[in-house]
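The values are calculated or read from the model by the stated rules, or taken from the named source; none is laboratory data. It should be emphasised that the depicted structure is a prediction, and the values quoted were computed from it without experimental measurement. We place every Cβ from the backbone using ideal geometry, glycine too, and count neighbours over all the protein chains shown.
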Amino acid sequence: MTSTAVRVRSAPEYDLAVVGAGFAGLACARSAAVRGLSVLVLDRQARAGQVIHTTGLLVKEAAERWEVPARLTQRIRGVRLYAPTLSYIDLTAPGYYFLATNTAALMQWLAEEARRAGARLRYDCPFRGASRDTGAMVLAGIGARVRYLVGADGAHSSVARAFGLSRNRAFLLGIEAEYEDVGGIDPDRLHCFLDSKLAPGYIGWVVPGVDGMAQVGLAARWPHKPDLPAFERKLAPLFDWSRARRIARRGGRIPVGGRVARFARDRVLLVGDAAGIVSPLTAGGIHTALESGWRAAHAIADYLEADGPEPARAATAAYPRFALKRALRVVADLPLPNWLFNAMLGSAALRLVASSIYFHRRSDGALSRATSREEAELRRPAD
Ligand SMILES: Cc1cc2nc3c(=O)[nH]c(=O)nc-3n(C[C@H](O)[C@H](O)[C@H](O)COP(=O)(O)OP(=O)(O)OC[C@H]3O[C@@H](n4cnc5c(N)ncnc54)[C@H](O)[C@@H]3O)c2cc1C
């Protein structure tokens, strides 16, 4: 008999450890805690919302499902789509809207929701690996024993690396600056700019934000580096920059290769960007991060508390494969010339394609489908 076998083992201290207090991790932690699991969340940031790498635009479906407080958001009812020449068309759909967010405050709210549900949040606490011990995993540097581990640590997941899971390979690189006092921006439009030279594979944007802020950014197929100053020079004649003050700059890589091949193994599951659950076409990942975190929480609670199937099975069925959007990403990556965008701007075909990209209903199939028990959890305020 080995010494390991005779050692007296202490019971796991937490049912679930979640690495990453982003959208996916906090949604997962909240729902798992509401389901009665003891939950520990680790994040390397010093506090909620300390570092923001996203524009933070929410689609209507996410806003409604997660009941984000109105004080943190600014409703935008339509899209203004600009050709490279800066002529434009307006697109709207009855009842549809986007929400610009005060994203740092949104992260603080999500963290507070998870805490109120009973999760323990530890900031300034990077994931340093975990070792397996019978029936549990032990988190390196923390010593906590946990029954299940979720990797919600973003596009470059350390959890994926530590457990030999698949990594994201295809990215857009996005860069954004946030300004106070930019004049002349229509606040009811998401301003989107087609320009295959400045933003190959994606678009530029100006988002009229909360409290009069404006977010100006663009993304391009990685490893192409988007040139934000050149984009800002292009915008100079459109808006009034005379009193503008830049207050933040941010950016990061967005995985657009679709769901990674191997996103789970024994008692470890990836969610959100870590699992590549981001629309390969629009690069929107907040809605799917929230949904995948929530979905994972229920699968893990069913598994740990109710003899449910291994959560990887539920995730395999629920996580979208994005087959169509991956195919459309190939089209978006084609080096289309700017004259083509200019020529097509007024066409019915472009209007149709753009409207279906911006306003299609994002149900994400099984990812968002809830049983009545899960719906009840979503509606239940945390104690
Ligand atoms: C420039 C840009 C603009 C974007 N704009 C939008 C948008 O407007 N709308 C939209 O829907 N999507 C947008 N996206 C995509 C969206 O931001 C992501 O899909 C979303 O944030 C994914 O959420 P997540 O919780 O999976 O990961 P993240 O938001 O990346 O959160 C991961 C968390 O894990 C933590 N972490 C990382 N490593 C460790 C570690 N080793 N130990 C402990 N903690 C760790 C991080 O600190 C972070 O808190 C944008 C992305 C970029 C880069």
Of everything in the range 303-325 that's under 17 Å from Val271 (Cα atoms), away from the ligand (no atom under 16 Å from the Cβ) and not charged (D, E, K, R), which residue is surrounded by the most Cβ atoms within 10 Å (Cβ to Cβ)? Pro311
Contacts under 8 angstrom Cβ, first residue in the range 250-263 being within 16 Å of Ala314 (Cα to Cα), partner among the polar types (S, T, N, Q) and at pLDDT 95 or above, 6 or more apart: Val260/Ser166; Val260/Asn168; Ala261/Ser166; Arg262/Ser166; Phe263/Ser166
Which residues, counting only those in the range 52-108, are small (Gly, Ala, Ser) and not in a strand (DSSP E or B)? Gly56, Ala62, Ala63, Ala70, Ala83, Ser87, Ala93, Gly95, Ala104, Ala105
Filtered residues of the range 263-302 (kept if more than 10 Å from the ligand (Cβ to nearest atom), of a type outside the set (A, V, I, L, M, F, W, C), on the phi < 0 side of the Ramachandran plot and surrounded by 20 or more Cβ atoms within 10 Å (Cβ to Cβ)): Pro280, Glu291, Arg295, His298
Would you mind telling me which numbered condition in (1) out of contact with any strand residue (DSSP E or B) (no Cβ under 7 Å at 6 or more places or on another chain); (2) closer than 30 Å to Gly135 by Cα Leu336 fails? (2)
For Gly183, which of the numbered conditions (1) within 14 Å of the ligand (Cβ to nearest atom); (2) at pLDDT 95 or above fails to hold? (1)
So in the range 249-262, with the set limited to residues that are of a type in the set (A, V, I, L, M) and surrounded by 13 or more Cβ atoms within 10 Å (Cβ to Cβ), which one is farthest from the ligand (Cβ to nearest atom)? Val260
Does the range 111-125 include one or more residues that are farther than 27 Å from Val207 by Cβ, modelled with pLDDT of 95 or more and among the hydroxyl-bearing types (Ser, Thr, Tyr)? yes
Only one residue in Leu106, Leu139 is modelled with pLDDT of 95 or more and more than 23 Å from the chain's Cα centre (by Cα), so which one is that? Leu139
Among residues of the range 30-71, those that are within 11 Å of the ligand (Cβ to nearest atom) and over 18 Å from Asn102 (Cβ atoms), counted: 6
Regarding Ser87, is this residue within 16 Å of the ligand (Cβ to nearest atom) and either modelled with pLDDT under 95 or of a type in the set (Gly, Ala, Ser) (or both)? no
For the range 73-99 the number of residues that are out of contact with any strand residue (DSSP E or B) (no Cβ under 7 Å at 6 or more places or on another chain) and either at negative phi or surrounded by 18 or more Cβ atoms within 10 Å (Cβ to Cβ) (or both) is 7
Answer yes or no: is there a residue in the range 113-122 that is charged (D, E, K, R), part of a helix (DSSP H, G or I) and over 30 Å from Phe163 (Cα atoms). yes
